[in-house]
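Only one structure is covered here, and it is reproduced in the block below.
The values are calculated or read from the model by the stated rules, or taken from the named source; none is laboratory data. Computed from a predicted model, the values in this text were never measured in an experiment. Here the Cβ is made from the backbone with ideal geometry for all residues, glycine too, and neighbour counts use every protein chain on show. Remember, those area values only see protein heavy atoms, side chains included, never the ligands or the DNA or RNA. Shrake-Rupley method; radii C 1.70, N 1.55, O 1.52, S 1.80 Å.
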Amino acid sequence: MADTPQSYDLLPGAGDSPVILHVPHSSREIPAEVRSGIVLGDAELERELDHITDAHTAAIAEAAAEAAGITPWRFVNGLSRLVIDPERFPDEREEMLASGMGAVYTRTTHKEALRPDGFDHGPLIERYFRPYAQAMTQAVADRLAATGRAVIIDVHSYPTAPLPYELHGAGPRPPVCLGTDAFHTPAGLLDAAREAFAPCGETGLDSPFAGTYVPLEFYEKRAEVTALMVEIRRDTYMAEPGGPAGPGLVDVASALRDLVDAVSR
């Protein structure tokens, strides 16, 4: 294969900031060679992107970063999660394999075929997943070296109504869901998030989505790497599915800025 263009952007923050805003699911971009392996027609694919994309989360992170007292770093995926999902385990540890949505998706949000039976995941993992993981690992290592700690804040969104692919869609769907990890989410980080997002409405815990993203090199090994997943219910800031942002985006970005400020000190 030809050389692969870098599929992510690491946007520098302040040298003394420990914070990385990670935005993995905001893009709709699919390279032509990847599109050819997807069985949906163009209209069907656009509809799937409406459902699966965390629309405007890159803009939320950008606005929060620009307003923060100490500018955080931002690691932003430039490709759709339909190329690879950088937050999945690339092996049998991934529970979403049961829905055909491991590191390389084979099913849609409505459990329909996305890629043909027997699709070889290997090339996409090597071409996109591993370089992304290596770059994020290095970004965290750099924050550890510079500040002695790293704080990963994952910026996501989720639909107001559950989609068929969700494994835990029957639980609460508050305006803000905070995903946590027993090892990497200390009480202070969770408390800061609850306070920061209180103006946006109720904050819930690990429902409908749970967990955090930490590069495997540090996962359950380095307590100085802390992490929190912030899931914003889409009706609070945009028209669903896949529509434009609304005035609520400013409120969400302000809350994220307050969280960044709180954990940067």
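Summed over region 213-262, residues that are under 23 Å from Ala14 (Cβ atoms), open to solvent by less than 30 Å² (accessible area, probe 1.4 Å) and more than 19 Å from the chain's Cα centre (by Cα) total 0. Residue count for region 105-162, restricted to those that are more than 27 Å from Gly188 (Cβ to Cβ), aliphatic (A, V, I, L, M) and more than 18 Å from the chain's Cα centre (by Cα): 4.
Here's the yes/no breakdown for (1) in contact with a helix residue (DSSP H, G or I) (Cβ under 7 Å, 6 or more places away or on another chain); (2) crowded, with 20+ Cβ neighbours inside 10 Å; (3) of a type outside the set (A, V, I, L, M, F, W, C); (4) within 27 Å of Glu240 (Cβ to Cβ):
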{"site": "Gly15", "(1), (2), (3), (4)": "yes, no, yes, no"}
{"site": "Gly37", "(1), (2), (3), (4)": "no, no, yes, no"}
{"site": "Glu46", "(1), (2), (3), (4)": "no, no, yes, yes"}
{"site": "Ile60", "(1), (2), (3), (4)": "yes, yes, no, yes"}
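Exactly one residue among Arg88, Arg74, Arg28, Arg115 is basic (Lys, Arg), open to solvent by less than 50 Å² (accessible area, probe 1.4 Å), in a loop (DSSP other than H, G, I, E, B) and more than 19 Å from Glu166 (Cβ to Cβ), and that residue is Arg115. Tell me which residues, restricted to region 31-60, are of a type outside the set (A, V, I, L, M, F, W, C) and part of a loop (DSSP other than H, G, I, E, B). The answer is Pro31, Ser36, Gly37, Gly41, Thr53, Asp54, His56. Counting only residues that are surrounded by fewer than 20 Cβ atoms within 10 Å (Cβ to Cβ), small (Gly, Ala, Ser) and not in a helix (DSSP H, G or I), region 127-182 holds 6 of them. Of the residues Ser17, Ser27, the single one that is under 17 Å from the mean Cα position of the chain (by Cα) and of a type outside the set (A, V, I, L, M) is Ser27.
For region 91-112, a residue qualifies if it is assigned to a loop (DSSP other than H, G, I, E, B), within 21 Å of Pro215 (Cβ to Cβ) and open to solvent by 50 Å² or more (accessible area, probe 1.4 Å), and the qualifying residues are Glu92, Arg93. Scan region 8-29 for residues that are under 15 Å from Thr137 (Cα atoms) and among the charged types (D, E, K, R) and the total you get is 1.
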